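Let me begin by presenting the structure, written as structure tokens, before commenting on it.
The values are calculated or read from the model by the stated rules, or taken from the named source; none is laboratory data. The model shown is predicted, which means the values in this text are computed figures rather than measured ones. Cβ placement follows ideal geometry from the backbone for every residue including glycine, while neighbour counts extend to all protein chains displayed. Accessible surface areas use protein heavy atoms only, side chains included; no ligands, DNA or RNA. Shrake-Rupley method; radii C 1.70, N 1.55, O 1.52, S 1.80 Å.
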Amino acid sequence: MTVHLDEMLAFNKRFVEQKDYVPYETNSVPNKKMIVFTCMESRLIELLLRSLNLKNGDVKMIKNAGAIIRKPFDSVMKSILVAVYELQAEEVAVIGHYDCGMSHMDTELLPEKMIEKGIPKETIDALKHAGIDFDDEFHGFDTVEESVQQSVNVIRNHPLLPEYVKVHGLVIDPGTGGVDVVTREV
Ligand code: ZN
């Protein structure tokens, strides 16, 4: 089960011993003074960086499922504020992507999937009774452009975001890396 982790750890040992980290050395202030907030999509791990010519140290990178932010004090927004106040970020790019798993998330089937994987039905019922709304917590979006615009709006309208911080919304193609602009500030 842990074969991948074992491979990763063995590689890591060689990586450090051979000083393969040298080309990546930088400090923690983002060179481009930018925050990129995107999806956890695995097709974008390298492609997003390469297609936008971003190098190690260039941006603060925040990811979640769908590049979704709906509540002004969720952990993503807190990370953005930390990057602005502590790490000199002055710009935010929200980058959603086409063909995102969160665009066809079926929250009605989710409890069933959890039960199939061993979560007791009583746990799910107890959480629902405690006020956890599974649809509210896990629902995705219909169109990625709308979702990006909503995330951008939450950030732009945040009472603790300084006026000078510019917030942009983009959508990337996970096949080609091509980017479309949904909204930008000049
Ligand atoms: Zn996605």
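Consider residue 110 carefully, then state whether it is touching an Asp or Glu at 6+ places or on another chain (Cβ under 9 Å), among the aliphatic types (A, V, I, L, M) and more than 16 Å from the ligand (Cβ to nearest atom).
So residue 110 fits the description; yes.
How many residues are within 11 Å of the ligand (Cβ to nearest atom) and surrounded by 14 or more Cβ atoms within 10 Å (Cβ to Cβ) when one looks only at the stretch 87-107? Let's see the steps before the verdict.
Looking only at the stretch 87-107, we keep the residues that are within 11 Å of the ligand (Cβ to nearest atom), and these are 95-105.
If we keep only those that are surrounded by 14 or more Cβ atoms within 10 Å (Cβ to Cβ) too, we end up with 95-98, 100, 102-103, 105.
Number of matching residues: 8.
Would you please name the residue that is surrounded by the fewest Cβ atoms within 10 Å (Cβ to Cβ), looking only at residues in the stretch 22-36 that are away from the ligand (no atom under 16 Å from the Cβ) and outside any loop (DSSP other than H, G, I, E, B)? Only one residue tops the list, namely 22. Of the numbered conditions (1) touching a strand residue (DSSP E or B) at 6+ places or on another chain (Cβ under 6 Å); (2) open to solvent by 70 Å² or more (accessible area, probe 1.4 Å); (3) among the small types (Gly, Ala, Ser), residue 130 satisfies every one except a single condition; which is it? Going through (1) touching a strand residue (DSSP E or B) at 6+ places or on another chain (Cβ under 6 Å); (2) open to solvent by 70 Å² or more (accessible area, probe 1.4 Å); (3) among the small types (Gly, Ala, Ser) one by one, residue 130 breaks only (1). Only residues that are free of Cβ contacts under 8 Å to residues at least 40 places away in the same chain and surrounded by 12 or more Cβ atoms within 10 Å (Cβ to Cβ) were counted in the stretch 133-145, giving 3.
Pull up the stretch 37-56, narrow it to residues that are in a helix (DSSP H, G or I) and without any contact (Cβ under 8 Å) to a residue 12 or more places away in the chain, then point me to the one that is most open to solvent (accessible area, probe 1.4 Å).
Among those that are in a helix (DSSP H, G or I) and without any contact (Cβ under 8 Å) to a residue 12 or more places away in the chain, it is 46.
State all residues of the stretch 58-86 that are in contact with a strand residue (DSSP E or B) (Cβ under 7 Å, 6 or more places away or on another chain), open to solvent by 40 Å² or more (accessible area, probe 1.4 Å) and either over 15 Å from residue 48 (Cβ atoms) or part of a loop (DSSP other than H, G, I, E, B) (or both); if no residue qualifies, say none. Residue satisfying the conditions is 79 alone. The residues of the stretch 158-175 that are in a loop (DSSP other than H, G, I, E, B), in contact (Cβ under 8 Å) with a residue 40 or more places away in the chain and either of a type in the set (D, E, K, R) or away from the ligand (no atom under 16 Å from the Cβ) (or both), listed by number, are 158, 159, 160, 161, 162, 164, 165, 173. Scan the stretch 157-168 residue by residue and report those that are surrounded by 16 or more Cβ atoms within 10 Å (Cβ to Cβ) and not β-branched (Val, Ile, Thr). If the condition is that a residue be surrounded by 16 or more Cβ atoms within 10 Å (Cβ to Cβ) and not β-branched (Val, Ile, Thr), then 158, 161, 168 are the ones that fit.
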